[in-house]
1. Under a point spin-label approximation (7 Å from Cα along Cα-to-Cβ), what is the B:Arg680-A:Arg551 distance to one decimal in nm?
2. Under a crude label model (7 Å from the Cα following the beta-carbon direction), how far is B:Leu142 from A:Leu499 in nanometres?
3. Restricting to the protein assembly as shown, compute how many DSSP beta bridges are antiparallel as a %, nearest 5.
4. Where does helix A:57-69 land angle-wise versus the long Cα axis of chain A, in degrees 0 to 90, nearest 10?
5. Could you give the length gained on full extension between A:Glu117 and A:Tyr331, defined as 0.36 nm per residue of separation minus the Cα-Cα distance, in nm?
6. With a 10 Å Cβ neighbour count serving as the proxy for reagent exposure, in which order, fewest first, do A:His167, B:His578 appear?
7. What shape does region B:238-338 take by its C-alpha gyration tensor, where a ≥ b ≥ c are the square roots of the eigenvalues and a/c under 1.5 counts as rounded, a/b above b/c as prolate, and the rest as oblate?
8. Per the helix-only calculation at 222 nm, which mean residue ellipticity applies to chain A, given -39500 (n - 2.57) for every DSSP H run of n ≥ 4 and division by its residues, nearest 500 deg cm²/dmol?
Amino acid sequence: MSKRLLSLLLLITSAAGMAAPAAGFTPDPAAVQLDQEVDYTLARLMVALDRNRHKTLDSFAREAFYALYGEDHLPGLSPLGSLFEWLFNREAYLDQPVLKIRPLGLRYEFTAHMPAEARQRVLDTKLMTLREYADPVVQDLIQQYEPRFDLVSAIRKVREAERTGFHLNRVLNIVPAPQGNERSAWHTPAAAVATLMATDPTHANLPAELGEPIPGLQPQQAQFIARHWAGLRSAWLSRDAEAVQTHLDKLAAGLPEIAPAGVYPSVAQRAAEAKYYAMGKFTWGWVIYFAATLFAVGGLITRWRWVQVVTMVLLLAAVGLHAYGLGLRWYILGRIPVANMFEAVVASAWMGIVAALIFELFLKTRVFPIAAGAAGFCALIAGQFVIPGGGTLTAIVAILDDIMLRIHTTLIIFSYALIFLAAVIAIVYLAVYYLRNAPSRAAEMGFTGAAGGLVLLAMLPVVFTSPAASASYTKVALAGPLFGGAGVLLAIGTIVALLRRTSGAIIGLLTILLLVSSILAVGNYEFIRLCGFVGLIGGLVWGGLMLLGVRRQGAATPPWEQEQDGFGGPGGGGGLLQRPVLAGGLPGDRLDRADNSPLIQQIDWAHLILLNMAFVLLFVGTILGAVWADYSWGRPWGWDPKETFALNTWIIYAILIHVRFIVRNKGLWTAWLSIIGCLMMLFNWIFVNFFIVGLHSYA
Amino acid sequence: MIRFTMNNVRKSLLSNPVIRLLSSVTFGVSLLAVILVYASIGSALPQARGVIEMTEMEYFHHWVFAVLIVLFCVALTLATLLRVRWRVDNAGVLIVHTGLLMLTGGALAYFAGKIEGDVFLASPHLKISMPDDQVVDKVLALPGERWSTSAPALGGTVSVAVTDVAAGPVQPAERVAARIQVGDTTRTVTLTPDDPPEPLAGGLAVAFEPATTQTHFYDDHQPTLYIKRGDERDWRAIDIERLPAFRERFLPDAGPILNADGTRVRSHRTTPVLDLGPVALPTGWFEGWRMPVPVETGELPFDITINGYLPYIRGSIRLAADGAVRLNPAVNILPESAGRVAPQALFAFDPDRAYTLAGPIPVEFRWLEDPAFLEAWRAPLAGTHELAVTTTEPATERRLAVAIGRPVTIPGTDYVVELLEVIPEGEVDAAGFREAITPLARVRVTRGDQTFTRVLPQRFPNLARDTNAAGESTGQELLDPNIELRFRTAALGSVVLLATPGPDGSADLHLAQYRTDGSVTVRAVTLNERIAIRGGSRPMYLTITGLFPRAVEGMHPIVEPVNRRRPNVALRSMSAIHLDIVGRGPLSGWKTQRWLLFSPYLNVDTRPLTLQPPNSDTSWTFQYGRQRHDLGATLALRQLDTTMFPGEMQPTAWRSEFRYRPHGSDETREGEVYTNETYRVGAWTLFQSGADNERRWEWSILGVGNRRGINPMIIGSILVTIGLLYAFYLKPIIRRRQGAARQRAPHTNANAPAATPAVELASPKEQIGV
């Protein structure tokens, strides 16, 4: 069907000739003017039934244009302005770059036949015109790639963009079923026209594109919808703001009347949804968290009280906003928002931040705010820019709608948040530790990491002909086994070097080569590029920071390393949180107290408080997941990748606990293992969910 | 005198270096690290498990993992007994360790006896069908369910409504009362499974199909070969041990195997050896598969070996296989051109299947009763196109090189022949030859005033047809029987495979290759020899993969390319195995090799293979599937109910209502499983596993599993949780109180508790590693 429509489009547009595509999308100025003149207050609260959910027309428009263009509206137009312009005047934009091809590999494939200039434009902007997309070459490639399971996700994104680009009028189900219930299918305005025509004996055959008549829709209701929809279209095309306003308001008032009682979502719920989207799902709160993190670091270094106060104010503001966003989402969906990746990340960060603020309130360590700020910043920036779907409100399948699962998920994500907070504190610990004790070695470590990142980036053109998604795109046919084999050999070499207590430089070199070869063995262009940049920039930042330590070796003790009073001394203070007893004894016990500064001991202590809670929550959460699996799938444990890596994460923390018995430098080992545990948790959360097929793939 | 105290026992045990090692924290941590690495590799790298042919369950059932877990339990026990002081403030760690031991022990028991599988259930329904048994629709056998259609040609509305249902002992519907309406006429009928279809109108009929009752379920992991003789009712079930799971592994006898894109599939390793170039490491101690896989056939009159396994096939093509009683020569060929392979079978006695133009050069297969006939094929053609002319009056016999549009006078006669046209893929219009393809020549024949056109099929000279000057065909009657023409062409080059009888019922094979100039070479060929065929428009290779004097049609699988395989299909559900069957005893001398496709259930959607050994009047049926387990009850689906998302485009939840009767019981019970709710039938837990999503809601698949060892796991988990909370949050309070008490006592260091390790180690050596 879609191919036929695309061909039809080609036929229609070929008559108009090929206009040169503009560099960026430019809407009709008259449409922009009209859009600004129309008041969408009522219209945005109209409801569409789309993707198993009743949503506001505003949400529908935002989600549709996010899929098409990568933003929730077209440039210069509001979301609803974009929707109506696209519904009624799409032919005017056939040569505008608007259809976003997100997967890099497909961008290369889809543009291989295009002139160099046009190709470069698409590669740079990721946007194709509808005409370019409808090209038979591109359509053939999509047909060819669609059955490939390694490209399922990439092709799905393209199809979603196509859905808005070409079939928006077919999926705009805004007419409720007059005789239905809350699960009944809704209909397009065109179906109302079909209903009207079906009652007219002069129309023997209904045009297929109108769809089936709507069962139970009264002729006067059909007439009402048809009149105002046609009027809206006509007014929109003639840029008559007043008429547009009239028809829109009529429809917004009339459509809910058609639905049986209780089916059309309440005004309050719709208003909440509109507000939630209008506020960008509150993910922009990352800005405040970022500022708070900077102030928190400043507070730790300077120990100025006003900086600490500003940090706490910023954090409280951010966490309040964060809570408001989450609460709104909870209200709209009618369930706790922990069911998909966006919700889990945002909710877990909030829980972790609240916990960190409570700890800081009691313990005044000045490291919890750093962790809290970093967690909020990372979670919300991921929610806004990284997580697929960008936090779209979605319906969940019934199997996930279970109280035990909610508790399991909540506990698990809370533990994940604590693990992340702990890892941030571990990084702070390592920075302080190495700055104080071994800045030169740490600088070497950083620069070696940067060199590793550079090698990865340099290897890209060596092993890849292009990032295209075609069947085999590595230059070296045996690149995977070659690098994998090298990785195995290097791993063996590293272990041998560790056992033989070879010099740190050799172990470091072997480790970095092991990482480089392992990453190259994955064979994914974008993954290698990402790792390369992370390694390069992270290594340089770390190395540069450590160089500061080298410079100030021998200088007077800075204020941030002087005696800390956060925990009030070993015997003082009150509350359970004051005595973390995470295995191996209290930080700064008789074996490393002498070696480390009070600040380092204090950070270690704060670290242990988080690890304590994370360890318990992770265990309980995992067990509750098994309980749920037992009564849902008939088995508590099936060695599904998600289950296995949940266990692996817990094992790392079990190792961490026991390592503190047997090593001298407990804080340092704890910090490194905490970071490894966090990486394992992230692997489990992100990689296993999205890249390894298992029972949790839907997450 | 030695005083017997716990400390003395500890000291004595710790003096043993093995116990000291096993109980050390260093050893425990190292063991945890090894378990972590083992689990990570098996879970994160499914490809690695693919290489060693292990499912997740098998990987974590492996004896290596079991040894690691047992060692962990031993280390944990020893460390708990010998390294931790048994005091109130250490109760946390003691409880945690005890809980972990219970959890691990329960898990070992759980996984050691774990069986998982599923059972397929279809609900009772009325089937509306056409006269050719094509199903129009189905109606669930539930009161109130209705089917109707508006068909003016049939007299108006035709409808079937279920009005009443009578249940049987287990069957939710044994007899159905239905009201049938055709136009204005309404009648009520009672339908049972034994009744013939009840006519509705216009050839439509309705019949009752009861629910499928099941007494067994099918294991997810254990492959099984089912065999039965003739019309026997019961199957012999033979478990197939050590069958691969994920990779194509086949011996040359099972090949060649092709991908759906026409490329050859290479077999992965067929012996568990890791080839590292100069060194080959045997890995059978770790890897659980083998090839070939022997099948224990016991008292059956044949041995079976599985010498090929394909994990994911898209479909199959029909190729020749041994097994016919009468002579029916066939070859399996593999023409390759431009990287594409098009396997097919040529049957010498089947006009439409003895010749192919799948590649650039046509290939024909012929059976020569006598090897002496080969000589005739060594003669080259007279030219690119050859016309063999025989006339009765005057008696002449000539072989002439002809070219299109060039008339030739036949020496010694007054005939002039002119080749008008050559059709490489001509079709013959004669009974029994409808699908047959052959090169055709259209030749104009002139003798004096008489001119006609004769169509000459190269492969079937007896089917020549004449057309007179007016363009009228004369049918089988030739206009001039005095002249006989035979046409042969080598315009595209051609290959003729010539089979001759060999010793002991075997056959020999020769290949005659004609080049475009008409020259020919004849040579003997061997099976699986890749022969370069030159002379056509493109180079071509030909491999003869099988020669069968007594052939039948057999199924040959086509493999799905890796990147098109659905990643989450049930284990082996798309697989096929290659059986090598060798008769013994009464079937001695019988030998055949066949592919057999996977059938998920014994009685639903089956793909059996039936063979009739020569000189035997008994057939044998084979089916490859999953191990069967007794459910302990007879089970039948009453209804599958679904809940839809808003918009009714997609189901969100399923509920299966069923009836069952435990074996040996007269009591019929009802049960239901649905999303997030299981049901126990005897020792088995049932849960919703799959469902008909085609909006008919006809069938449901219930997962079935056992849950041995669950209780120790639950208790262990609770203990661990309590222990952790105690150790992390209660112990500090106890310590603080102890510290405060010491502070109140004279000559005590108030800070002492804070400096004491949270878990005190019995041996100070543990502090620096043992």
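1. According to this spin-label approximation, the distance is 7.1 nm.
2. Placing both labels 7 Å beyond Cα along the Cβ direction yields 6.5 nm.
3. Values: 202 of 212 bridges.
About 95 percent, rounded to the nearest 5.
4. 70
5. 72.2 nm
6. With the sparsest Cβ surroundings first, the list reads A:His167, B:His578.
7. oblate
8. -21500 deg cm²/dmol, from helical runs alone.
FYI, it's all coordinate maths here, none of it is from the lab. As the structure is a computational prediction, the values presented were derived from the model and not from experiment. Using ideal geometry, Cβ is built from the backbone for each residue, glycine included, and neighbour counts are taken over all protein chains shown.
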